[in-house]
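The structure appears right after this line, and notes come after that.
Taken together, the values in this text are just the output of simple stated rules run on the coordinates, not laboratory data. Values in this document were obtained by computation on a predicted structure and should not be read as measured data. Heads up, the Cβs are rebuilt from the backbone with ideal geometry, glycines too, and the neighbour counts pull from every protein chain shown.
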Amino acid sequence: MSKKIGIVCYPTVGGSGVVATELGIQLAEQQYEVHFISTTMPFRLKRLYPNIYFHEVEVSNYPVFKNPPYDLALASKIAEVIDREKLDIIHAHYALPHAICSIFAKQMAEREVKIVTTLHGTDITILGVDNNLKHMIRYAIEESDEVTAVSKSLKKQTEEAFQVQKPINVVYNFIEPVKEATLTEEDLKYKFGISEHEKVLIHISNFRQVKRVEDVVRVFNEVKKRMDAKLLLVGDGPEHLRIRNLVQEFGLDQDVLFLGRQDNVHDLLNISDLKLLLSEKESFGLVLLEAMISGVPCIGTNVGGIPEVIVDGRNGYVCEVGNIEDISSKAIRLLSNDELWNDFSKHAKEYAFHNFNSQLIVKKYEAIYDQLLNS
């Protein structure tokens, strides 16, 4: 009889949503019955799977509430699905609100269920500094049956910030092998007006201040002084307009392409030569793996889980936050030396595949589920 797993996650673009959805797909292929509980269908569920189900959380508007009570609606839906579908495990991605709502649902449900909570970072590094939420996050961690973190750095931060007694297992995010490109490299470059000789740098984020997209533009400005190049900026967010103004200020309008949000970045990575992730906080950096599995070397900052993904001097470089001169120098060195770039590209692909492949990581989650259900 197959195990029944409920996955509570954000359905939108972002590391946690991607990993949660891909995990559900992988589990379904291993004959698990998977139930997603969220506000909308997870964006990565592109096709029909016979053993994947989606349960929509509907929030009612009551005049007595200033804001619709989403958390209560989510907890109620989780409890309903636990009992109706006879779930064995709820896997909550994020302590708040998903783990807290899952714990509440567990108390309401008639059926016994185990709760696995995966910490992805924002719940610890941003929400965790709010004293109004700190006790709730600690409670979510302590009351979960199993807790995982996506990097050693995040585990350490959690233990130091919350003084939790609950053991935390590190289970890295994972990456799927590169899918076949829908367009040839030549066609895609032509579509975007990129010449064959131009180097292509890429940055993918939600354009929040913490991502330091301004630094990406400043680095590109230095690279552009030394070689013909284009910068692909993928994503959208609160910093978008400010970054556009900075691009205009540097006179880079014709060389920086704002591509907005893209569900599938594989084709874009296929034409890229260098990935930049220059955040001041980053619990893991799934976009780095997406680049590396495509053979794209990366430059990242020495924060959070980034040094656990980039092996400095082998598949990319790790630099200090805000050190534009050092980052630019290393980008230019890599992009102007074909032999060095080919070596980094080869090691990037090998390192991503051997250390973060889906089969390896999903087996770790399966072992956690088995241990909980057999204890």
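A few comments on the model shown:
- If the chain linking Glu29 and Asn131 were pulled fully straight, counting 0.36 nm for each residue of separation and taking away their Cα-Cα distance, it would gain 32.6 nm.
- Taken about its Cα centre, the range 238-299 carries a charge dipole of roughly 120 debye when the Cβ of each Lys and Arg holds +1 and the Cβ of each Asp and Glu holds -1.
- All distinct Cα pairs of the range 270-375 go into the 1/r average, and the inverse of that average, the Kirkwood radius, is 14.6 Å.
- For the range 173-299, the share of alpha carbon pairs falling in successive 5 Å distance bins from zero is 2, 11, 22, 25, 22, 13, 5, 1 percent.
- Sorted by Cβ density within 10 Å, fewest first, the residues Glu142, Glu308: Glu142, Glu308
- Once you reduce the range 235-279 and the range 157-201 to the center of their Cα atoms, the two points are 15 Å from each other.
- Under the Debye formula (equal points on every Cα, no solvent term), log10 I(q)/I(0) of the range 81-239 at q = 0.15, 0.16 Å⁻¹: -0.91, -0.96
- Farthest toward the positive end of the dipole of the chain, out of Leu274, Val287, Ala348, is the Cα of Val287, where the dipole comes from beta carbon charges about the Cα centre.
- MRE, 222 nm, helices only [DSSP H, n ≥ 4, -39500 (n - 2.57), over the chain, to nearest 500]: -13000 deg cm²/dmol
- Estimated FRET transfer efficiency when R0 is 41 angstrom, pair Ser195-Lys364 (beta carbons, to 0.05): 0.40
- Annotation: extensible slack from Ala161 through Phe250 equals 28.0 nm (criterion: 0.36 nm per residue apart, minus Cα-Cα distance).
- Dipole magnitude of the chain, debye to nearest 20 (Cβ charges: Lys/Arg +1, Asp/Glu -1, about Cα centre): 360
- Averaged over residues, the count of other Cβ atoms within 10 Å places the peptides 159-165, 345-351 in the sequence 345-351, 159-165, highest first.
- The residue among Gln26, Ile89, Leu201 whose Cα reaches farthest toward the positive pole of the charge dipole of the chain, with charges on the beta-carbon of Lys, Arg, Asp and Glu, is Ile89.
- Footprinting exposure proxy for Glu366, Glu239, Glu186 (fewest neighbouring C-beta atoms within 10 Å first): Glu186, Glu366, Glu239
- Normalised contact order of the chain, rounded percent, pairs of Cα under 8 Å and 6 or more residues apart: 13
- Relative pair counts by distance (%), Cα atoms of the chain, 10 Å bins: 5, 23, 31, 23, 13, 4, 0
- Footprinting exposure proxy for Val8, Val57 (fewest neighbouring C-beta atoms within 10 Å first): Val57, Val8
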